[in-house]
Amino acid sequence: MKNQITECAKKYDADIVTFTSSKDFPEDDAIFKIFPEVKTVIGLGFRVLRGMYRGVEEGTVYYQYTTMGVENLEETVMPYAMLHVANLLEREGFTALPQRRHQTIMKEEDSTNPEVDYTDIFRGITAENQMNFENAAVICGIGEKGFGGRILNKEYGPFLRYCFVLTDAEIEPTEKITYNLCDNCGECQKACPGKAISEDGVTDPWICAVYYNGANGKKNPFMPPDAFAHFENKMDIINGDAVFDSEEARKILDNIYFYPPAKHFYRTSICGRACDRACYIHLEEKGLLSKKFKKKFRNGDDWELSTKQYITGKREKPWIFTEQEKNK
């Protein structure tokens, strides 16, 4: 049955399939509250295609990552694969509970999910009814938790999303992989357009949300010259240097309307997960990823736009600067 499940999951686009005994989870883990009879946790990992990031990497097309790399995976591909695996298990007489992250439910009273509109989130909901997905990904061997909290896989680095199926079937566990990918290089921290990642690797979700949505004018070609005109610290916001709390973050988010709103549930990512891209580039350059490509993900320097127009209030040609040109 283990082989049948693996073949089924991969047929429906799972790139990683792992089997873990529930005994490997802490006794107070949410999986035992969700399903007390759970014996095996099946982990399913889905790579986000490198090509989904190319538009943001080149500064050309922005909606593909959000609509295909986030929404389509989370709402279509991953549930479809989970349902087929669960159907297979139930045909064999076992119970199976598909588990995917609920994007709008948070345990914390004052936190947010950058991928969705902050007004859609239900906060302070007891965590007993939702798994800790990052911890489960580590326990199930999908990846390791790196600096900044991202899950890193040996093939796809941080370009990955994941979900799980809980079952009362006892299935032989997958041999665990030892990961040594993250070297705390800090490239993810440096790449964040809003400095949302602290020195100790903790990501501020509100700062992340503001710049995920495009508050940095150096990295947002859609921002108009009068952006944030009524904010006293507008240039700090535009340059990614602003320091603010959740209340101020809400005000900034309410004034980010530069990109034509996608008629989808998820927010368009203007930063294009700059942290993940920087991490991936670092892992690729060090030769630590087993999945190889004919060309490097990034050739040359990263780009930046001039912020002169936000000072003058007049539309300027959006000059793109490389690191070498900036140093001149």
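The values are calculated or read from the model by the stated rules, or taken from the named source; none is laboratory data. Note that the structure is a prediction, hence the values are computed from the model and not measured. Cβ: placed from backbone, ideal geometry, glycine included. Neighbour counts: every protein chain shown.
Among the helices (runs of 4 or more DSSP H) confined to the range 17-129, the ones with at least 1 residues that are within 23 Å of the chain's Cα centre (by Cα) and more than 30 Å from D301 (Cβ to Cβ) are located at 30-34, 78-91. If only residues of the range 205-234 that are of a type in the set (D, E, K, R) and over 25 Å from C188 (Cβ atoms) are counted, the one that is modelled with the lowest pLDDT is D226.
Within the range 102-135, the residues that satisfy the criterion of being out of contact with any Pro (no Cβ under 9 Å at 6 or more places or on another chain), farther than 24 Å from D28 by Cβ and not charged (D, E, K, R) are Q103, T104, V116, Y118, T119, I121. Within the range 259-311, the set of residues being loosely packed, with under 14 Cβ neighbours inside 10 Å, in contact (Cβ under 8 Å) with a residue 40 or more places away in the chain and touching a helix residue (DSSP H, G or I) at 6+ places or on another chain (Cβ under 9 Å) comprises F293, I311.
Say we look at the range 141-155 and pick out the residues that are part of a loop (DSSP other than H, G, I, E, B) and out of contact with any Gly (no Cβ under 8 Å at 6 or more places or on another chain); which of these is farthest from D13 (Cα to Cα)? Only one residue fits best here, namely G146.
Give the residues of the range 48-98 that are under 30 Å from P193 (Cβ atoms) and basic (K, R), sorted by residue number. Hits for the range 48-98 are R50, R54. With respect to the conditions (1) in the same structural domain as E92 (by TED's automatic domain parsing); (2) among the hydroxyl-bearing types (S, T, Y); (3) over 28 Å from F35 (Cβ atoms), Y162 falls short on a single one, namely (3). On the basis of being over 18 Å from G51 (Cα atoms), without any contact (Cβ under 8 Å) to a residue 60 or more places away in the chain and surrounded by 13 or more Cβ atoms within 10 Å (Cβ to Cβ), does K251 make the cut? Answer is yes for this residue. When I31, I16 are checked against the criterion of being farther than 20 Å from G157 by Cβ and among the hydrophobic types (A, V, I, L, M, F, W, C), I31 stands alone in meeting it. Return yes or no: is A191 among the small types (G, A, S), surrounded by 17 or more Cβ atoms within 10 Å (Cβ to Cβ) and in contact with a Phe, Trp or Tyr (Cβ under 9 Å, 6 or more places away or on another chain)? Considered against the rule, which asks whether it is among the small types (G, A, S), surrounded by 17 or more Cβ atoms within 10 Å (Cβ to Cβ) and in contact with a Phe, Trp or Tyr (Cβ under 9 Å, 6 or more places away or on another chain), A191 comes out as no.
What do you reckon, is Y179 at pLDDT below 95, in contact with an Asp or Glu (Cβ under 8 Å, 6 or more places away or on another chain) and either in the same structural domain as D245 (by TED's automatic domain parsing) or surrounded by fewer than 20 Cβ atoms within 10 Å (Cβ to Cβ) (or both)? Against the criterion (at pLDDT below 95, in contact with an Asp or Glu (Cβ under 8 Å, 6 or more places away or on another chain) and either in the same structural domain as D245 (by TED's automatic domain parsing) or surrounded by fewer than 20 Cβ atoms within 10 Å (Cβ to Cβ) (or both)), Y179 qualifies.
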